[in-house]
Amino acid sequence: MNFLDSKIPAGPLAEKWTKYKAEQKLVNPANKRKLDIIVIGTGLAGASAAASFGELGFNVKVFCIQDSPRRAHSIAAQGGINAAKNYPNDGDSVQRLFNDTIKGGDYRAREANVYRLAEVSNSIIDQCVAQGVPFARDYSGLLANRSFGGAQVSRTFYARGQTGQQLLLGAYGALSKEIEKGTVKMYPRREMMDLVVVDGRARGVIVRNLVTGELERYSAHAVVIASGGYGRVFYLSTNAMSSNGSAIWQCYKKGACMANPCFTQIHPTCIPVHGDYQSKLTLMSESLRNDGRIWVPKDAEKARLLREGKIKATDIPEDERDYYLERRYPSFGNLVPRDVASRAAKERCDAGYGVNNTGRAVYLDFKEAIQRLGKQAVEEKYGNLFEMYERIVDENPYVTPMMIYPAVHYTMGGLWVDYELQTTVKGLFAAGEVNFSDHGANRLGASALMQGLSDGYFVLPYTMQNYLADQINEKPLDENLPQFEEAELAVRQRITRILSINGDIVTDNIHRRLGRIMWEKVGMSRTEQSLKEAIEEIKALRKEFWTRVKVPNVEGMNTELEKALRVADFLEMGELIARDALMRNESCGGHFREEYQTPDGEAQRDDEHYAFVAAYEFQGVDNEPILHKEELKFENVELKQRNYK
Amino acid sequence: MNIKLKIWRQRNATSKGKFVEYQLNDVPAEASFLEMLDILNEQLVLKGEDPVTFDHDCREGICGACGLYINGHPHGRFKNTTTCQLHMRKFKDGDTITVEPWRSEAFPIIKDLMVDRSALDKLIQAGGYISVHTGGVPDANAIPINKHNADLAMDAASCIGCGACVAACKNGSAMLFVGAKVSQFALLPQGQVESADRVQKMVARMDALGFGSCSNTYACQAECPKGISVTNIARMNRQFLAAKIAEPIKK
């Protein structure tokens, strides 16, 4: 048997999930009460999964890093959530959503998973409306839709520019209901420190109580990791400050394979970087590309004057503006997928047409939309985003075009999972951004929310039962087993080691430098040379961390220690990302290797050699991991060069 | 710019706290308030001192984690602004800035500027949801909802749960927080089924958790970073009264 058994059900694509559900094992209500499930993270995937498990009757223990489950970073998603409802009657269908997602992911996602995602998308919208999520509506009282990048239909449901917030609060409500009922026990301000594996199965976790600093042990029959993506390996990103890759990394070190780690998404519309002390970047929703037009000056000299502040954007007449996305991609225009839009912005800036004092920005202009729709209509659609922009940049985007630049936003890669969302460690499941399965090499806008809720509400409640049906005779584990002792001891030693360095540089300093290496050498475009350099530089930086970092040794709450533990993991993860990017001698989606491009600068895939999922098996921090390959079979779509022209 | 900070420092929930003064120089005007604290903390760590602990996460004004009392106002004195969205350009060179944690009986201090707001979660657990379970719900377009009401529900649902309303209130009341959640569902047909139960349970929980009552100063509305309106409190009061008369729940 292949090491990576994807367990894709047999039969036609459209019938696989139905067939799976009809044939899977179930757990009867009396047995459900005897089974414990641990969920790490309370974002869309974690909260929806935990609530659904609780409703089914399992005992659920949920952990989150923040003070409340409502603060998970799903809350910051702005633009919307996709579904194949076809309410606008514009030609959408499950099949089309599937096609768009596979194509958008540049043919590096697993067909069966993507089809299931498209299939359950409609149920998600029904569920959220029933929970009281106040989606945007038109005057008929029915739900409104808008379009997003990579699609020619309007299939995105939204709640102003706060869709993630509203969906998360819906899931948080469902979770709160189960907490009140007692089926779910909530543990806030806890961070997962290690996975406990007993006889080859995930059976518990070690967490750190962030308030007391104590380590705690919890056992269960299964563990779900839903702790989000690892974009903060780049330091600057649109992720929240506490977003991290450590839960993923501990699982990787305990035997779960890490898949396609180099597939990271650089979002095209973020507020540009302004200074060294900057802690994070702010996204401007992709929905802005519905009405905003992206441009730079046609004349590089004018761009220079703009950079030097000698002229203003509004001084550039219409015929001197280069609407480069509309020029290069006439059929999708400003709504090309994220990877394409990001690279095009970088290309223009590299060529000397960038604006802002840094030269690292392009314009996103609403002048035409304001003329066409009126200021009020624009304000109604995007008001809160415009306000947010003005707050940060101190410029009024109704008058002066916005400046945007790409920033790290999402990680398509993650823990390898089979069709059941189970990792290579039995009983360890991964949901939402943590897993790799649905977005291939590039995620389409408004698909992250869809996937998180799909995994939590409609996939895991089924597949988890199929696993737990075989566990009904297992008693809850004793948390004093040697496996728990050893795991806790290892964490304790790691903490002691960090605290004892007492060096001369702060964690953020090293994190910032890691971010700079990642962004410059493993970022929007990569070369064999840049990646090789990055691997060496990361190794050196890791050494520096373990000899020079200074973390205050205080009892109880120690936020610097939290950061240091996360950065220690990022320093290992960054190397794996670079290795994966170096291995993949092709360009696809968000992974762009300069050596592999078409004559007109588009990503050049190599389907003959690289149509596989790269899954890495840990072999020790200083050893190369083993690469396992899951061949991707495309039986329902034809592999084509993506064309958005 | 150069500023002087007066920051509340408190080792843990049981110890006694005090103001400590810090001089911070060369703060970039574009930095956010929290980035300014990052700069301070970096200096403290290098000096071998314990950095200032505060809650923060998304740093884009939506997660509700941050919340500092700045110069006597929750999230500072600027309208519709969370602490993380406040930029140093709003201050002047040479300013003294006083930074305190949320002060409310329902929010005990954990450390320095970080407080325990789990009482807000407990309020939601009392009934701040529609009790549907996953699956088996009607089609999303089965029930049309008047756009005006849907928009008002969205206004109410915009609450980020930061607790500024409680911190701003001289009574430490959570009426705006609860009113917003009750209103969101009161305005939607899906919320009607449980509305009488919901409002009574949430109000009862509010009292049990030690939140004060409302004396209509509207400080909550004035300080809410999301501009949640006190009309939501009025709507909750109407709901509560109607429910008490028509469908009182058993104690």
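The values are calculated or read from the model by the stated rules, or taken from the named source; none is laboratory data. Nothing here was measured: the structure is a model prediction, and the numbers come from that model. Positions of Cβ are backbone-derived with ideal geometry, glycine not excepted, and every protein chain shown enters the neighbour counts.
Answer with yes or no whether A:Val60 is closer than 30 Å to A:Glu631 by Cβ and of a type in the set (Val, Ile, Thr).
no
So if I check each of A:Val129, A:Val224, which one is more than 21 Å from A:Glu433 (Cα to Cα), buried (at least 24 other Cβ atoms within 10 Å of the Cβ) and not small (Gly, Ala, Ser)?
Exactly one of A:Val129, A:Val224 is more than 21 Å from A:Glu433 (Cα to Cα), buried (at least 24 other Cβ atoms within 10 Å of the Cβ) and not small (Gly, Ala, Ser), namely A:Val129.
Do we find a residue being touching a Gly at 6+ places or on another chain (Cβ under 6 Å) and either more than 28 Å from B:Asp57 (Cα to Cα) or assigned to a loop (DSSP other than H, G, I, E, B) (or both) anywhere in segment B:150-158?
No; the residues of segment B:150-158 include none that is touching a Gly at 6+ places or on another chain (Cβ under 6 Å) and either more than 28 Å from B:Asp57 (Cα to Cα) or assigned to a loop (DSSP other than H, G, I, E, B) (or both).
Any residue in segment A:551-573 that is over 20 Å from A:Ser227 (Cβ atoms) and within 10 Å of chain B (Cβ to nearest Cβ) sitting within a Cβ distance under 6 Å of a residue that is modelled with pLDDT under 95 and not in a helix (DSSP H, G or I)? List the pairs, counting only those 6 or more apart or interchain.
Short answer, once both residue conditions are applied: A:Gly556/B:Asn12.
If we scan segment A:529-547, do we find a residue that is in contact with a strand residue (DSSP E or B) (Cβ under 8 Å, 6 or more places away or on another chain) and surrounded by 20 or more Cβ atoms within 10 Å (Cβ to Cβ)?
No: zero hits.
Looking only at segment B:10-64, filter to residues that are β-branched (Val, Ile, Thr) and facing chain A (nearest Cβ under 7 Å); which one of those is farthest from B:Ala167 (Cα to Cα)?
Among those that are β-branched (Val, Ile, Thr) and facing chain A (nearest Cβ under 7 Å), it is B:Val45.
Of everything in segment B:194-218 that's in contact with a strand residue (DSSP E or B) (Cβ under 9 Å, 6 or more places away or on another chain) and crowded, with 19+ Cβ neighbours inside 10 Å, which residue is nearest to B:Tyr129 (Cα to Cα)?
B:Met206
Search segment A:264-295 for residues being touching a Gly at 6+ places or on another chain (Cβ under 7 Å) and of a type outside the set (D, E, K, R), and hand back the single one that is nearest to the other protein chains (Cβ to nearest Cβ).
A:Ser285
Given (1) in a strand (DSSP E or B); (2) under 13 Å from the mean Cα position of the chain (by Cα), identify the lone condition not met by A:Glu216.
With respect to (1) in a strand (DSSP E or B); (2) under 13 Å from the mean Cα position of the chain (by Cα), A:Glu216 is out only on (2).
Can you name the residue in segment A:447-479 that is small (Gly, Ala, Ser) and in contact with a helix residue (DSSP H, G or I) (Cβ under 8 Å, 6 or more places away or on another chain) and, of all such residues, is nearest to the other protein chains (Cβ to nearest Cβ)?
So, considering only residues that are small (Gly, Ala, Ser) and in contact with a helix residue (DSSP H, G or I) (Cβ under 8 Å, 6 or more places away or on another chain), the one nearest to the other protein chains (Cβ to nearest Cβ) is A:Gly456.
With respect to the numbered conditions (1) crowded, with 24+ Cβ neighbours inside 10 Å; (2) within 24 Å of the chain's Cα centre (by Cα); (3) among the small types (Gly, Ala, Ser); (4) not in a strand (DSSP E or B), which one is the sole condition not fulfilled by A:Ser154?
Just one mismatch for A:Ser154, condition (1).
Within the group A:Tyr389, A:Tyr457, which residue is aromatic (Phe, Trp, Tyr), over 21 Å from A:Phe234 (Cα atoms) and either crowded, with 24+ Cβ neighbours inside 10 Å or modelled with pLDDT of 95 or more (or both)?
Just one listed residue meets the conditions, A:Tyr457.
Taking segment A:227-262 only, how many residues are surrounded by 24 or more Cβ atoms within 10 Å (Cβ to Cβ), assigned to a loop (DSSP other than H, G, I, E, B) and touching a strand residue (DSSP E or B) at 6+ places or on another chain (Cβ under 6 Å)?
Count: 9.
Would you mention how many residues in segment A:309-324 are surrounded by fewer than 18 Cβ atoms within 10 Å (Cβ to Cβ) and part of a loop (DSSP other than H, G, I, E, B)?
5
Return only the number of the condition from (1) part of a helix (DSSP H, G or I); (2) modelled with pLDDT of 95 or more; (3) not basic (Lys, Arg) that A:Gly503 does not satisfy.
Among (1) part of a helix (DSSP H, G or I); (2) modelled with pLDDT of 95 or more; (3) not basic (Lys, Arg), the lone unmet condition for A:Gly503 is (1).
Which of the residues spanning segment A:134-148 are facing chain B (nearest Cβ under 8 Å) and in a loop (DSSP other than H, G, I, E, B)?
Listed by number, the residues that qualify are A:Pro134, A:Phe135, A:Ala136, A:Asp138, A:Tyr139, A:Ser140, A:Gly141, A:Leu142.
Which of the residues spanning segment A:41-57 are within 12 Å of chain B (Cβ to nearest Cβ) and either of a type in the set (A, V, I, L, M, F, W, C) or out of contact with any Asp or Glu (no Cβ under 7 Å at 6 or more places or on another chain) (or both)?
Of everything in segment A:41-57, those that are within 12 Å of chain B (Cβ to nearest Cβ) and either of a type in the set (A, V, I, L, M, F, W, C) or out of contact with any Asp or Glu (no Cβ under 7 Å at 6 or more places or on another chain) (or both) turn out to be A:Thr42, A:Gly43, A:Ala47, A:Ser48, A:Ala49, A:Ala50, A:Ala51, A:Ser52, A:Phe53, A:Leu56, A:Gly57.
In segment A:115-133, which residues are among the aliphatic types (A, V, I, L, M) and within 7 Å of chain B (Cβ to nearest Cβ)?
Correct list: A:Ile125, A:Val129, A:Ala130.
I need the full set of residues from segment B:99-129 which are more than 9 Å from chain A (Cβ to nearest Cβ) and part of a loop (DSSP other than H, G, I, E, B), in order please.
B:Pro101, B:Trp102, B:Arg103, B:Ser104, B:Glu105, B:Ala106, B:Phe107, B:Pro108, B:Leu113
Report yes if some residue within segment A:56-66 is in a helix (DSSP H, G or I) and out of contact with any Lys or Arg (no Cβ under 7 Å at 6 or more places or on another chain); otherwise report no.
no
Within segment A:497-513, track down each residue that is among the charged types (D, E, K, R), over 24 Å from the mean Cα position of the chain (by Cα) and within 13 Å of chain B (Cβ to nearest Cβ).
Answer for segment A:497-513, where residues must be among the charged types (D, E, K, R), over 24 Å from the mean Cα position of the chain (by Cα) and within 13 Å of chain B (Cβ to nearest Cβ): just A:Asp504.
Pick from A:Gln165, A:Gln152: which is at the interface with chain B (Cβ under 9 Å from one of its Cβ atoms) and polar (S, T, N, Q)?
A:Gln165
Out of B:Gly161, B:Gly136, B:Gly227, B:Gly210, which single residue is within 11 Å of chain A (Cβ to nearest Cβ) and over 20 Å from B:Gly64 (Cβ atoms)?
From the options B:Gly161, B:Gly136, B:Gly227, B:Gly210, the qualifying one is B:Gly136.
Considering only residues that are over 22 Å from B:Met202 (Cα atoms) and among the charged types (D, E, K, R), look in segment B:140-158 and name the one that is farthest from the other protein chains (Cβ to nearest Cβ).
Among them, the one singled out is B:Asp151.
Please specify each residue of segment B:22-48 satisfying the condition of being charged (D, E, K, R), at pLDDT 95 or above and either more than 30 Å from A:Gly229 (Cβ to Cβ) or in a loop (DSSP other than H, G, I, E, B) (or both).
Scanning segment B:22-48 gives B:Asp26, B:Lys47.
Tally the residues that are in contact (Cβ under 8 Å) with a residue 40 or more places away in the chain, among the aromatic types (Phe, Trp, Tyr) and more than 14 Å from A:Tyr277 (Cα to Cα), restricting the search to segment B:10-52.
Residues meeting the conditions: 1.
Would a scan of segment B:77-88 turn up a residue that is at the interface with chain A (Cβ under 8 Å from one of its Cβ atoms), under 20 Å from A:Gln66 (Cα atoms) and without any contact (Cβ under 8 Å) to a residue 40 or more places away in the chain?
no
Restricting segment A:384-416 to residues that are in a loop (DSSP other than H, G, I, E, B) and in contact (Cβ under 8 Å) with a residue 40 or more places away in the chain, which is farthest from A:Tyr616 (Cα to Cα)?
It comes out as A:Val399.
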